[in-house]
Every structure is written in C-alpha cells, then in structure tokens.
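Heads up: the structure comes next, in structure tokens.
The values are calculated or read from the model by the stated rules, or taken from the named source; none is laboratory data. Quick caveat: nothing in here was measured; it's all calculated off a predicted structure. When we count neighbours, we look across all protein chains shown, and the Cβ atoms used for this are built from the backbone with ideal geometry, even at glycine. SASA here: full protein model, heavy atoms, side chains in, ligands and nucleic acids out. Shrake-Rupley method; radii C 1.70, N 1.55, O 1.52, S 1.80 Å.
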Amino acid sequence: MKTRVLMVDDEKEFIETLSERLTLRDYDVTTALSGDEAVEKVKSYLFDVIILDVLMPGMSGIETLREIKKIKPLIEVIMLTGNATVETAIEGMKLGALDFLLKPCETEALIAKIDKAYAKKTEQDERIRAAKVEELVSSPISALKE
Amino acid sequence: MNSKRDIIGEQGLQFFGKMSATISHEINNALAIINENAGLLQDFTLMADKGMPLDPERLNSLAGKVIQQIRRAEGIIKNMNRFAHSVDEPGKSVNLSDIAELMAALSGRFASMRGVTVEPKPAAVPVTITTNPFFLENLIWLCLDFAMDAAGPGNTIDIITVKTENGAQIRFARVEDLAKAPLDKFPSEREKALLDTLKADLVSDVGAGALVITLPRYIDT
C-alpha cells in the first residue's frame, strides 16, 4: 500500500510542485492550503504522515498540530519551517511532532523522514492490533463490549 | 524612565529586525519553490533517461514558474534595498505615496497572517515632505500593526496619502472595529516618541474608522 501523505502549506506553488514530486515517487499525496483545511481532511480521510508548515495565515502550524493530534493521535507529523521558525518547530516536537525539516528541503532528506515516520506509525498500528488480538484471545467477551 | 532617544533606538532596532525577518522569510519561500521546480525538472530528466518522452509544454511551464519566483524575489530584494537605505540620511525629501507603498509591501506577510489586506492608495499628485524616512516608516508600521489588529480577519485597510496646506496626512482608513480597539493604550510611549521627533500628530477618528497621521512639510533634522 502507498504511504498516505497530507501536505499542509499556504504557498500553493510550493505544495503543488512538491506534491507532484512525491507522487512520482509513488506516495499518495493530498494537499491542504490552511490549517483549517488540513483539520477537515484529517477528520474525513486516513493519512499516515503529515508534512505541516509552521507559519500559515489563520490557524498556525502549532494550533493545527494540536487539533490533528486530538483527532488522530497516531498520525506522524513532520514540521516544515524556514530558519527563523526552527524554535516553533521544536515546540511542535514537544507537542508530538516526530521531526522537522528546513525549507528549502533536500528531496532525499524529506523522503527519508517520511519513510521513518511511516515505519514508526506502522509499528504502532501493529502493536495496537496485536494488543487487541491478545485481549480478544484472553477474554472473548471483551469483543461484545465494543 | 527611558529617554525618548532610548525608546526610539530600541523600537527602531526591533522594527528593523522584524522587517528583516519577514523579508528573509519571503525570499526563503521563493527559493523553496524554485528548488522544487528545479527538482521536478531533474525528475523529468531522469525519467527521460529511462525512455519516458519529455513534454516541451510542461518544461516550458516549469521554466515559467521559476522565472515568476525569480521576479517575486527581485521585488522583495528591491524593497529590502529601499528599506535598508532609509537609514542613510536623518532628513530627506520623500514621496509619501512611495513610503506608504513600501510599508504595505513589507507588511504583506503580517497582514496575510491576520487575514487582513492592506491597500495603498497613492495621491493623484506626488506628496513630498522632508522628514526622517526611517522614523516615518517605523511610525507607519506601528499604526498599521494596531489598525490590522483592530480591523480583524477578512477586512481591508487603505493607506491614503493626502497633501495638506502645511504638509501631508497619512490615513489608515476602513478600520471597521476601531471603536473596540484598545485606544487607551494607543499611541503608547513608543509612538509618542516617534510623533514628537517627526513633529507629527496622530488622531483616532473612531466615527470614520480611521487613524490619521498629520506631518509637517519640513522638519529640521
């Protein structure tokens, strides 16, 4: 299955081109031009990794990260930032973002971070699935409670 | 208590830093787009090496996008240069409409972050005064910053320059919610220090939803 990536940035040209490049590399990419749009898409669709710009009009990157983590805590988020906002990106990591990347970014570095984030999410999903199976095996009645 | 000179010096440095940061951010964004378009061109070249035909129209469109971002960066750098040179002389003859346009451009990202649009409305005839350009830019920024907060998202602020009998006025108009803004704290000591140095007045016209700076035609610097 392709890695499902949501890219969030208010720079339309940037996000469209980067999205095309990731699609060529076989990622399943969706874009959002604002924090609000990203939150709505996270509510409606399944994503593995989110690339999130720190500085955006309206809902900021940090506010967007908080909302996303409330809705889907297991989605891995990579903050995207200019040099001036590295501190905000680090604040994002304290709030649960996996990593950050500086703009303009090296494609290989971005891909390595997306793959690492996907591997982490898959591992967590697998652990949760295994725990659920174990619970079912040890106490079949628990399935009726859900 | 800080002297007027201290307030202006500290405020001026903060202002210069803030504008430099927004300029570098904007240039960085243009570079990021150029970087991705160049990367996409490389991707197409690698695909062509593997036998996929190149689409000349697509390549032309990518080149167009790079040129567009280079022009954008050129515009930003031109404004940065004008802004940097505004500290060259403490007193200079300036065209107010040009300064209003420069400040609207430099404030663009701050406006966009708040969902506000800033529209400079140049005077029909050039409005020229002799003043300290950097202090005036700083005062315009402080008024604009206050007006943008007061206006709120979805609104537009006009910067209108007008020639008067004794000098000129800069009006920040269409500030819809000016009455609800903290006018008891504005102008603060920093705006007052700049107004005093520029021999200018600032009036909040709540009824008209406008902040009005009145400037003399000439100040002796």
GNM on chain A, C-alpha springs below 10 Å: top fluctuator among A:I114, A:I50, A:I15?
A:I15
Tell me the relative contact order for the range B:4-85 as a rounded percent, counting alpha carbon contacts under 8 Å between residues six or more apart.
43 percent
In terms of modelled amide H atoms, which long-range or inter-chain residues lie less than 5 Å from the amide H of B:I129?
B:V94, B:L96
Set the Förster radius R0 to 22 Å, insert the Cβ-Cβ distance between A:A119 and A:R25 as r into 1/(1 + (r/R0)^6), and round the FRET efficiency to 0.05.
0.85
Multiply the residue separation of B:E74 and B:D149 by 0.36 nm, subtract the distance between their alpha-carbon atoms, and state the gained length in nm to one decimal.
24.1 nm
Could you state the angle between the C-alpha long axis of helix B:96-106 and the longest principal axis of the C-alpha atoms of chain B, as a value from 0 to 90 degrees rounded to the nearest 10?
50 degrees
Please report the accessible area of A:Y45 (heavy atoms, 1.4 Å probe, ligands and nucleic acids excluded) in Å², nearest 10.
130 Å²
Do any residues of the range A:1-44 show a loss of at least 30 square angstrom of accessible area between the isolated chain and the full protein assembly, using a 1.4 Å probe, and if so which?
A:E11, A:E13, A:F14, A:T17, A:E20, A:R21, A:L24
How much area per residue is accessible in the range B:4-85 when the probe is 1.4 Å and only protein heavy atoms are counted (Å²)?
59 Å²
If I require 30 Å or longer along the helix axis, counting alpha carbons, and a Kyte-Doolittle average no lower than -1.0, what helices from chain A are left? Use full DSSP H segments.
A:107-138
Two-site FRET efficiency, B:K92 against B:A63, from Cβ-Cβ distance with R₀ of 41 Å, rounded to 0.05:
0.50
With a 1.4 Å probe and every protein chain kept in, tell me what percent of the accessible surface of chain A is carbon plus sulfur.
55 percent
Of all GluC sites (Glu not before Pro) in the range B:109-211, the ones in DSSP coil with at most 13 other Cβ atoms within 10 Å are B:E165
How high is the relative contact order of the range A:5-64, in percent, with contacts defined as C-alpha pairs under 8 Å that are six or more residues apart?
43 percent
Any idea of the total accessible area buried by the A-B contact, 1.4 Å probe, rounded to 100 Å²?
1900 Å²
Under 5 Å between amide hydrogens, which residues at least 5 positions from A:M7 or on another chain qualify, with H placed 1.01 Å from N in the peptide plane?
A:T30, A:T31, A:A32, A:I51
Hey, in the GNM for chain B with a 10 angstrom Cα cutoff, which one of B:G108, B:G209, B:G39 fluctuates hardest?
B:G39
Share of chain B's accessible area from carbon and sulfur, percent, 1.4 Å?
54 percent
So what does A:L22 come to for accessible area, using a 1.4 Å probe and Å² rounded to 10?
0 Å²
In Å², rounded to a whole number, the accessible area per residue of chain A with probe 1.4 Å is 51 Å²
Using the Karplus curve 6.51 cos²θ - 1.76 cosθ + 1.60 with θ = phi - 60°, work out ³J(HN,Hα) for each residue of the range B:205-217 in order, rounded to whole Hz, and write x for Gly and Pro.
9, 4, x, 8, x, 9, 9, 10, 9, 10, 10, x, 5
Only four residue types carry charge here, +1 at the Cβ of Lys and Arg and -1 at the Cβ of Asp and Glu. Report the dipole size of chain B about the Cα centre in Debye, rounded to the nearest 20.
120 debye
Could you give the nm distance between label points at A:K69 and A:A109, where each point is 7 Å from its Cα heading toward the beta carbon?
2.3 nm
Take every Cα pair under 8 Å in chain B that's 6+ residues apart, average their separations, divide by the length, and report that relative contact order as a whole percent.
19 percent
Mind telling me which of B:A168, B:A38, B:A150 comes out most flexible in a GNM of chain B, alpha-carbon contacts under 10 Å?
B:A38
Rounded to the nearest 20 Debye, what is the dipole magnitude of the protein assembly as shown about its Cα centre when Lys and Arg each give +1 and Asp and Glu each give -1 at the C-beta?
200 debye
Suppose every K and R has +1 on its Cβ and every D and E has -1 on its Cβ; what is the size of the dipole of the range B:92-216 about the Cα centre, in Debye to the nearest 20?
140 debye
